[in-house]
Each structure stands twice: as C-alpha cells, then as structure tokens.
Amino acid sequence: MRIIILAAPGAGKGTQAEKLSQHYGIPTISTGSILRRNIQEGTELGKLAKQYIDGGNLIPDDVMIDVMKDRLAQPDCEHGFILDGFPRTLTQAEALSASDIVIDAVLNIDVADEKIIHRLGGRVECSKCGSTYHKEYNKPKRDGICDRCGGALVTRADDKPETIQSRLDIYHQTTEPLLAYYKEKGMLRTAQGQEEVADTTAEVLRVLGD
Ligand code: AP5
C-alpha cells in the first residue's frame with residue numbers, strides 16, 4: 001500500500017500516519033520529522049530548512065524532491081509507505097507522478113481552520129522521539145513526559161499562533177490545489193476529521209476501503 005496523506009497542517013496527518021503505519025505494517029515517511037531531525041543534528045539541510053520552517057514557509061521544491069528521491073529509494077519503502085507531508089506543491093506532485101512510484105490512494109483529512117488553530121495551539125511534541133500529544137485531547141500519562149520514551153515534551157517553534165496562521169494560508173494557496181489534481185486522477189479519498197483520534201482512524205480506514 002502506498003498512500004499520500006494530503007491535509008492542512010494540524011488536521012492530524014502525523015497522528016493518522018502512525019495509526020495507518022501500525023495497521024498496514026509499513027513505514028511512515030514524514031518530511032517534517034526528517035527536516036526537524038536534520039535541524040537538531042545541525043546538517044547542511046537542517047541549517048537551510050530552519051530558515052524556512054521557523055517562519056512557517058515551505059522548503060524549496062528542488063531540495064525537497066531530492067530528499068524524497070533518496071528516502072523513497074531506501075529498502076524499507078519496498079513494500080509500501082505512508083507519505084506524511086509530501087507532495088505539498090504542484091511541482092512536487094508532478095515530480096512524484098513522473099517517477100516510477102505508483103501511489104494507491106491520496107487521503108485528505110478534512111478539518112475546519114478554527115479547530116486546527118486550537119489543536120496546534122495545544123500540541124506538544126517529544127524532544128527525543130517526536131511523538132505528539134495534546135494538552136486536552138491526547139494527554140500524556142505524566143505531565144511533560146513522553147509515554148513512549150520518557151523524553152521531555154516541548155512546543156514546536158512553528159506552533160506559535162502567528163506562524164500557525166501563516167502555515168494555514170500557505171496550505172490554502174499552495175497545497176490545497178493538489179486535492180483537485182488527485183481528484184482528477186481518481187485517487188482522492190476524503191475523511192471528515194472527528195473530535196476523537198480513534199473515530200478519525202475508523203473514518204480513514206472506511207474511506208480507504210478497509
Ligand atoms: P510538517 O511537520 O509536515 O507540519 P505540518 O504539515 O504543518 O503538519 P503538522 O505536523 O503540524 O500537523 P499534523 O497534521 O501532522 O497534525 P498532528 O497529527 O500533529 O512540516 C513542518 C514544516 O516542514 C512545514 O511548515 C515546511 O516548512 C516544511 N516542509 C515539510 N514538508 C515539506 C514539503 N513537502 N515541501 C516543503 N516544505 C516542507 O495533530 C495536531 C494536534 O492535534 C496534535 O496535538 C494531536 O494530538 C491533535 N489531534 C490529532 N487528531 C485529533 C483528533 N481527531 N481530535 C483531537 N485532536 C487531535
């Protein structure tokens with residue numbers, strides 16, 4: 001199974017990508033996680049990415065396409081993958097279509113902007129393993145500590161209110177048009193995001209025909 005999750009920032013892409021990864025036994029490829037790991041490690045890619053991510057802007061297409069070509073050629077992607085965060089522009093989508101990778105479905109998780117602002121405003125992330133929680137909807141067992149690895153939970157630099165709004169604006173201008181691109185190709189499946197993570201997962205599996 002090769003799935004693209006194409007949804008607004010904060011619609012629950014990362015959360016559902018993890019659920020689908022467990023369900024199908026295939027890896028999640030999260031562009032955001034790849035970039036944040038490079039920032040933490042201080043690589044050349046990380047230094048470049050930081051200038052864009054902190055302001056909520058997209059990394060240039062040529063850089064992102066090269067990163068993904070390398071990542072998708074790794075052996076763990078052979079039997080399928082969940083793409084969380086790629087493609088995000090028409091140029092990236094066309095590069096993927098031009099490759100020999102066959103995508104089975106493109107999943108949209110539909111959530112209103114007002115809800116997204118509330119979700120991202122309350123999100124915290126593990127500084128070690130990247131697991132995400134929410135201060136109200138998905139609390140860790142111990143305050144400020146990751147259930148999975150015991151790492152410290154922090155707020156992402158791009159989850160400041162003004163940056164959230166600019167990420168949403170960029171999504172509507174640049175990424176949302178890809179819904180029409182994939183609908184035209186007959187690949188788009190839309191799930192309505194629900195209040196509870198488990199209910200969204202059930203809806204996602206239903207639209208994927210599982
Ligand atoms: P990326 O990491 O992909 O960030 P994003 O798209 O902004 O998405 P998020 O990770 O913020 O949200 P999500 O949809 O995964 O939501 P989550 O599941 O955490 O990218 C970061 C940056 O990297 C970009 O801004 C850009 O600069 C760069 N970049 C990445 N890819 C790129 C590309 N292809 N090209 C160029 N640049 C690129 O959920 C959010 C919160 O809600 C959590 O707290 C969660 O617990 C909670 N929640 C989730 N589901 C529910 C539910 N059903 N009910 C209640 N709460 C819920």
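The values are calculated or read from the model by the stated rules, or taken from the named source; none is laboratory data. The structure presented is a predicted model; accordingly, all values stated were derived computationally and were not measured. Virtual Cβ from ideal backbone geometry, glycine too; neighbours counted across all protein chains shown. Calculation scope for accessible area: heavy atoms of the full protein, side chains included, ligands and nucleic acids excluded. Shrake-Rupley method; radii C 1.70, N 1.55, O 1.52, S 1.80 Å.
For the structure I just gave you, tell me whether Gly122 is open to solvent by less than 60 Å² (accessible area, probe 1.4 Å) and modelled with pLDDT under 95. Steps first, answer last, please.
Details: open to solvent by less than 60 Å² (accessible area, probe 1.4 Å): yes; modelled with pLDDT under 95: yes.
So Gly122 fits the description; yes.
Are any residues in the range 51-80 touching a strand residue (DSSP E or B) at 6+ places or on another chain (Cβ under 8 Å) and on the phi > 0 side of the Ramachandran plot, and if so, which ones? Don't jump to the end; show me each part of the working.
Kept after step one, since they are touching a strand residue (DSSP E or B) at 6+ places or on another chain (Cβ under 8 Å), are these residues of the range 51-80: 68, 71-72, 77, 80.
Matches in the range 51-80: Gly80 only.
For the range 23-38, give me each residue that is at pLDDT 95 or above and out of contact with any strand residue (DSSP E or B) (no Cβ under 8 Å at 6 or more places or on another chain).
His23, Gly25, Ile34, Leu35, Asn38
Looking at Tyr133, is it closer than 24 Å to Leu20 by Cα, in contact with a helix residue (DSSP H, G or I) (Cβ under 8 Å, 6 or more places away or on another chain) and hydroxyl-bearing (Ser, Thr, Tyr)? Give the derivation first.
On the way: closer than 24 Å to Leu20 by Cα: yes; in contact with a helix residue (DSSP H, G or I) (Cβ under 8 Å, 6 or more places away or on another chain): no; hydroxyl-bearing (Ser, Thr, Tyr): yes.
Answer is no for this residue.
So which of Gly32, Gly46, Gly10, Gly56 ends up being over 17 Å from Phe81 (Cβ atoms), open to solvent by less than 30 Å² (accessible area, probe 1.4 Å) and part of a helix (DSSP H, G or I)? Walk me through how you get there before you give the answer.
Working: Gly32 fails: over 17 Å from Phe81 (Cβ atoms); Gly10 fails: part of a helix (DSSP H, G or I); Gly56 fails: part of a helix (DSSP H, G or I).
Criteria check complete, one pass: Gly46.
Checking the conditions here, which among Ile4, Ile34, Ile39, Ile29 is within 12 Å of the ligand (Cβ to nearest atom) and under 21 Å from His172 (Cα atoms)?
It is Ile4.
Under 6 Å between Cβ atoms, at least 6 apart or on separate chains: pull out the pairs that start in the range 69-89 with a residue that is assigned to a helix (DSSP H, G or I) and end on any residue that is open to solvent by less than 10 Å² (accessible area, probe 1.4 Å).
As it stands, the answer is Arg71/Ile29, since those pairs meet every condition given.
Among the residues of the range 72-91, count how many are over 15 Å from the mean Cα position of the chain (by Cα) and within 13 Å of the ligand (Cβ to nearest atom).
The total comes to 3.
If Val154 satisfies every condition in (1) under 19 Å from Thr31 (Cβ atoms); (2) open to solvent by 50 Å² or more (accessible area, probe 1.4 Å) but one, which is the exception?
Among (1) under 19 Å from Thr31 (Cβ atoms); (2) open to solvent by 50 Å² or more (accessible area, probe 1.4 Å), Val154 violates only (1).
Which pairs turn up if I take residues in the range 140-152 that are of a type in the set (D, E, K, R) and look for partners that are part of a loop (DSSP other than H, G, I, E, B) and open to solvent by less than 40 Å² (accessible area, probe 1.4 Å) with beta carbon separation below 6 Å, at least 6 apart in sequence or on another chain?
Asp147/Pro140; Arg148/Ser131
Taking the conditions exactly as written (farther than 26 Å from Gln22 by Cβ and either touching a residue at least 40 places away in the same chain (Cβ under 8 Å) or out of contact with any Pro (no Cβ under 7 Å at 6 or more places or on another chain) (or both)), does Ile164 satisfy them or not? Explain how you work it out, then say what you get.
Working: farther than 26 Å from Gln22 by Cβ: yes; either touching a residue at least 40 places away in the same chain (Cβ under 8 Å) or out of contact with any Pro (no Cβ under 7 Å at 6 or more places or on another chain) (or both): yes.
Yes: the conditions hold for Ile164.
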